[in-house]
Amino acid sequence: CSLPLVLLLLPGLAAGPAGMLQPRDTPSRERRELGGLWSFRADLSPGRDAGFAQRWYRRPLRQTGPVIDMPVPASFNDITQDPSLENYIGWVWYEKEVLLPRRWLQGDPAPRVVLRFGSAHYYSIVWVNGVQVVEHEGGHLPFEADISSVVQGSPGALCRITVALNNTLTPHTLPPGSIQYMADKSRYPKNYFVQNTRFDFFNYAGIHRPVVLYTTPAAYIDDITVTTTSSDNLAMVQYQVSVVGSTANSLSLSLRDQEGKVVATGDGPVGELKVLNPNLWWPYLMHENPGYLYSLEVQMQAQVGGVLLEDVYTLPVGIRTVHVTSTQFLINGRPFYFHGVNKHEDADIRGKGLDWPLIVKDFNLLRWLGANSFRTSHYPYAEEIMDLCDAYGIVVIDESPGVGIKLPESFGNKSLQHHLAVMGELVRRDKNRPSVVMWSVANEPASELPPAAQYFKTVIAHTKALDPSRPVTFVTDANYALDHGAPYVDVICVNSYFSWYHDPGHLEVIPLQLTAQFENWYKTYQKPIIQSEYGADSVPGLHSDPPMMFSEEYQQAMLREYHSVFDKKRKEYVIGELIWNFADFMTNQGTTRVLGNKKGIFTRQRQPKAAAFVLRDRYWKIANESSCLPPVITSHSLFL
């Protein structure tokens, strides 16, 4: 049985390979966020296809039937009291009507008007005034469309934005999933189906990140790529700038320090800037001034139809290098030890929707904890979060949505081609970020399957070709002797849950099993190792002595057992430890999950459990041992 709810693909304009510069206000550009309340309607027809059959995009959504208010950005799942919407699978429809400023529609040539979505999960089709402008597959990366020709001919400058959004996952999406139809009519209603996934977090859906309208001149700076090198008292900033709409008459670049002083200048689309006595970008707790960012101002002038146009774009730039040896991870030539966390974009009510108070709270907790890094488990995070990582010196392992790749059919060519496209989008978005020091192409795939060898060889080679400046990994939970993807990574990232999923309750097995894990991986591959996940569920306020599973004491005890082994092996080839997880988060309902996963060291409301204090003491101790600063760093002196 097959219903058309599973990713009904319509002919239209796909998001192209153009640049994806983050929208910014500049002397030549304006941006307008469209957050707030949108009209919303779930397609409850049996095939989830009424919206297309009846062409809901042709007229205001309220004229098609009942609509409700839906906040954007936010997941739609937890907003209402309707349980059918909590677990809804299929097409939902959003709409927003806005009036554009006249100055956006006038001029010869008129400005270019672009509609951009930070992310929408999972498959999106977008219309403006009834005209399809873009469709995009993937729930965690931005996409946009030039809507100039649509809005500049519309009466009264009206811009009606309609979005059809489908959260269905198939074996070939990223992350993968499957639809299971229940045929037993004695147990299930007619046409009853469920969405199955092989990952342990809730498949929230909706417009999760800001929707923005922005303008550029008709000829504009389309993309900027920056890489940096440094030695002694000299740094080199290599750049490449692409321009669309005309051949630039002139292209000039100025690099300014944080005081606004110009420290280097350049001309032309390709070149390098020499910076004397540079302020390097250092991780948090590795330098007294972490996260130092320069501003690269790019100015373009071009003739279009006899009119001289100017475009200006400013890009934050951090000068830093990354290098991997067989035993170390070096940032600016100095050994870096990842003492950090895994996270989720997850919170009460808003689900995965971007929320500034939550973001700032999380960064304050990270710095309180003494964490210098995190992995974007298990998908790319919002650009707003990445901006703060750059500014605060928080090191990032930037992970694709490649989680739950378990079925053999998910290693086929269709899945591979989409995975390659996603890595292209991710690198295009985050390539200039100094905080991003490594790409992760997947989490816990079935890498013991034979097809995984060619699959990961191809994905990793593709990622390295896109960005030769960073190491590439994926995160494994496979046996070291059976993993077909590990030969191709630069750093071994391994997840293990000794005394939890294996030998539950037996803390005494951790030292032997964890030591064997590290020694087997290193003996086989001679590559540095990160313990990319470890942890235990704890229910806040549940206590037991001696420690028992799910108590706060058991979570503390497990961490200490792992830490004793880390302390031995980080003197050799272990280069990091990332706790699972920063905070409790929602999952699908199941007999092992009581309102979600409770492995957080903070609750979902960001209150510390006992384990948070264990980790805080450890991370500040490591920071004092490894910092190039005098030993005056304390958990108070650098915490804001």
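The values are calculated or read from the model by the stated rules, or taken from the named source; none is laboratory data. Note that the structure is a prediction, hence the values are computed from the model and not measured. Positions of Cβ are generated from backbone atoms using ideal geometry, with glycine treated the same way; all protein chains shown enter the neighbour counts. Quick note on the areas: whole protein, heavy atoms, side chains included, nothing else; ligands and nucleic acids left out. Shrake-Rupley method; radii C 1.70, N 1.55, O 1.52, S 1.80 Å.
Observations
- Beta bridge orientation in the stretch 335-626: antiparallel %, DSSP, nearest 5: 10
- Within the chain, helix-based [θ] at 222 nm, where runs of 4 or more DSSP H residues each add -39,500 (n - 2.57), nearest 500: -6000 deg cm²/dmol
- Extension gain for the segment Asp267 to Arg31, taken as residue separation times 0.36 nm less the Cα-Cα distance, is 82.2 nm to one decimal.
- DSSP bridge pairs, the chain: antiparallel proportion in percent, nearest 5: 75
- Computed lengthening from Ser326 to Gln81, 0.36 nm per intervening residue step minus Cα-Cα distance: 82.8 nm
- Across the accessible surface of the stretch 335-626, with the other protein chains kept in place and a 1.4 Å probe, carbon and sulfur atoms take up 58 percent.
- Calculated over the stretch 83-197: convex hull of Cα atoms, volume per residue (Å³): 127
- Ala461-Tyr501 FRET efficiency (beta carbon distance; Förster radius 35 Å; 0.05 resolution): 0.60
- Label-point gap, in nm, between Arg55 and Gln605 - each point 7 angstrom along Cα→Cβ: 5.1
- Label-point separation in nm, Phe550 to Tyr181, each point 7 Å along Cα→Cβ: 3.8
- About its Cα centre, the chain has a charge dipole of approximately 660 debye under the convention of +1 per Lys or Arg Cβ and -1 per Asp or Glu Cβ, with nothing else charged.
- 25 °C / 0.890 mPa s Stokes-Einstein diffusion coefficient of the stretch 576-623, Kirkwood radius on C-alpha pairs, µm²/s: 211
- Within the stretch 464-486, backbone nitrogen closer than 19 Å to the virtual label 7 Å beyond the Cα of Gln454 toward Cβ: 483-486
- Scaled to the globular estimate 2.2 N^0.38 Å, the Cα spread of the chain, given as radius of gyration, is 0.98.
- Over the C-alpha trace of the stretch 220-317, radius of gyration and Dmax come out as 15.1, 54 angstrom.
- Mean separation of Cα contacts under 8 Å (6+ apart) over length of the stretch 335-626, as relative contact order %: 18
- At R0 = 45 Å, FRET efficiency that the Cβ-Cβ distance of Asn277 and Val594 yields, to 0.05: 0.20
- Relative contact order for the chain: 12 percent, from Cα pairs under 8 Å spaced at least 6 residues apart, divided by residue count.
- Measuring between their Cα centroids, the stretch 409-445 and the stretch 21-48 lie 25 Å from each other.
- Residues of type lysines that Lys274 reaches as a straight line, Cα spacing below 22 Å, ignoring anything fewer than 8 places off in the same chain: Lys261, Lys431
- Averaging the sequence gap over all C-alpha pairs within less than 8 Å and six or more residues apart, then dividing by the number of residues, gives the stretch 220-317 a relative contact order of 28 percent.
- Straight-line cross-link reach from Lys527 at under 16 Å between alpha-carbon atoms covers these lysines, not counting any fewer than eight positions away in the same chain: Lys569, Lys571.
- Estimated FRET transfer efficiency (Glu310, Arg62; beta-carbon r; R0 56 Å; 0.05): 0.85
- Charges were assigned to the Cβ only: +1 to each Lys and Arg, -1 to each Asp and Glu. The resulting dipole of the stretch 220-317 about its Cα centre is roughly 80 debye.
- Separation of the stretch 284-315 from the stretch 357-387 is 25 Å, based on Cα centroids.
- Listed residue (Tyr313, His378, Val128) projecting farthest to the positive dipole end of the chain, Cβ model: Val128
- Taking 0.36 nm per residue of separation and subtracting the current Cα-Cα distance, fully stretching the chain between His418 and Leu44 would add 131.7 nm.
- For a straight C-alpha distance cut-off of 18 angstrom, the aspartates and glutamates reachable from Lys190 (same-chain residues fewer than eight places away being disregarded) are Asp43, Asp49.
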